[in-house]
Amino acid sequence: MLFLGHTHVCLLVYETCLILTCIIGDYCLEHYFIVDERSSQINQRKMMWTRALFDNMTHGIVGFFSWAIVINFNLKVNQIVSLLLCFFLALGVDLDHFIEAKSTDIKDAINLPRRPPFHKSTIIPLVSGTATLFGCLFDSNILKIFSLLFTTAWLSHHIRDATRRGLWFPPIGSTPLIPYKLYLCLIMLIPLGIRTIYSLTIDCKNHFNNNGIV
Ligand SMILES: [Zn+2]
């Protein structure tokens, strides 16, 4: 630890938090938040809500730490807004269960005949590509950052879901289920890849601007 700079220590802390969130979240969902078919309808619904909210929070926290890695979060107040945005974007994906079910009943939302629309992984390159294109056309850093933030939030959600249902690329089809260890590796590596893009395209520009170079 003595030989690590502040940036590397932060990175290590966020990566550790990220993998622990996944492991603890998945473990609790598998072992504690189980719907007992023999219990009353009210208790079943209560457990379904608890399970859905816990799963959602896990998605949100995964998004939060993934973005903390991308931007190298160092407790600056202006970074917290984008961290919260990534948190809510990552957990907001599952709202499509209720949209598809056209109901606020949790039982309808989790017993859908097909996968709901926000779980189409083809949406990610479409949205982030469009934001990047307009970001370049209008020289807007906010749009470029949004493109990376959206990819981080939704991709982390889709990868985590893919251990149960695979990645869905309509109209092409779906991948097989992602093995658990591969999912953990991807969850840890994807923010590092996006961090590299961020540092090359956003940070460099800010650095130059701040120094009056451009
Ligand atoms: Zn989901």
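The values are calculated or read from the model by the stated rules, or taken from the named source; none is laboratory data. These numbers come from a predicted model, not from an experiment. In this analysis, Cβ positions are derived from the backbone assuming ideal geometry, glycine residues included, and neighbour counts consider all displayed protein chains.
Against the numbered list (1) within 24 Å of residue 14 (Cβ to Cβ); (2) in contact with a His (Cβ under 8 Å, 6 or more places away or on another chain); (3) surrounded by fewer than 21 Cβ atoms within 10 Å (Cβ to Cβ), residue 93 comes up short only at (3). Just one of the numbered conditions (1) part of a helix (DSSP H, G or I); (2) away from the ligand (no atom under 14 Å from the Cβ); (3) among the charged types (D, E, K, R) is not true of residue 37: (1).
Contact annotation: no residue pair with Cβ atoms under 8 Å, 6 or more positions apart or on different chains, pairs a residue in the range 45-56 that is on the phi > 0 side of the Ramachandran plot with a partner that is modelled with pLDDT under 95 and surrounded by 15 or more Cβ atoms within 10 Å (Cβ to Cβ).
So is residue 115 basic (Lys, Arg) and more than 21 Å from the chain's Cα centre (by Cα) or not?
no
For the range 10-28, filtering for residues that are surrounded by fewer than 16 Cβ atoms within 10 Å (Cβ to Cβ) and over 17 Å from residue 59 (Cβ atoms) leaves 3. Can you tell me which residue among 10, 28, 22 is on the phi < 0 side of the Ramachandran plot and under 16 Å from the mean Cα position of the chain (by Cα)? So the residue among 10, 28, 22 that is on the phi < 0 side of the Ramachandran plot and under 16 Å from the mean Cα position of the chain (by Cα) is 22. Take residue 85 and tell me if it is hydrophobic (A, V, I, L, M, F, W, C) and closer than 21 Å to residue 197 by Cα. The answer is yes for residue 85.
When residue 121 is tested against (1) within 23 Å of residue 71 (Cα to Cα); (2) surrounded by 13 or more Cβ atoms within 10 Å (Cβ to Cβ); (3) modelled with pLDDT of 95 or more; (4) out of contact with any Ser or Thr (no Cβ under 7 Å at 6 or more places or on another chain), just one condition goes unmet, and that condition is (1). Residues of the range 170-189 that are more than 16 Å from the ligand (Cβ to nearest atom) and under 14 Å from the mean Cα position of the chain (by Cα): 184, 188, 189.
Annotation: residue 98 fulfils all but one of (1) free of Cβ contacts under 8 Å to residues at least 12 places away in the same chain; (2) in a helix (DSSP H, G or I); (3) of a type outside the set (Gly, Ala, Ser); (4) more than 15 Å from the ligand (Cβ to nearest atom); the unmet one is (4).
Would you pick out the residues in the range 151-169 that are within 15 Å of the ligand (Cβ to nearest atom) and more than 20 Å from residue 197 (Cβ to Cβ)?
Across the range 151-169, the qualifying residues are 160, 161, 162, 163, 164, 165, 166, 167, 168.
Only residues that are within 16 Å of the ligand (Cβ to nearest atom), without any contact (Cβ under 8 Å) to a residue 60 or more places away in the chain and part of a helix (DSSP H, G or I) were counted across the range 118-150, and they come to 4.
When the test is whether a residue is within 16 Å of the ligand (Cβ to nearest atom) and either assigned to a helix (DSSP H, G or I) or surrounded by 14 or more Cβ atoms within 10 Å (Cβ to Cβ) (or both), residue 52 passes it.
With the structure loaded, tell me whether residue 7 is closer than 19 Å to residue 196 by Cβ, loosely packed, with under 14 Cβ neighbours inside 10 Å and of a type in the set (Ser, Thr, Tyr) or whether it fails that test. Taking the combined requirement at face value, the residue satisfies it.
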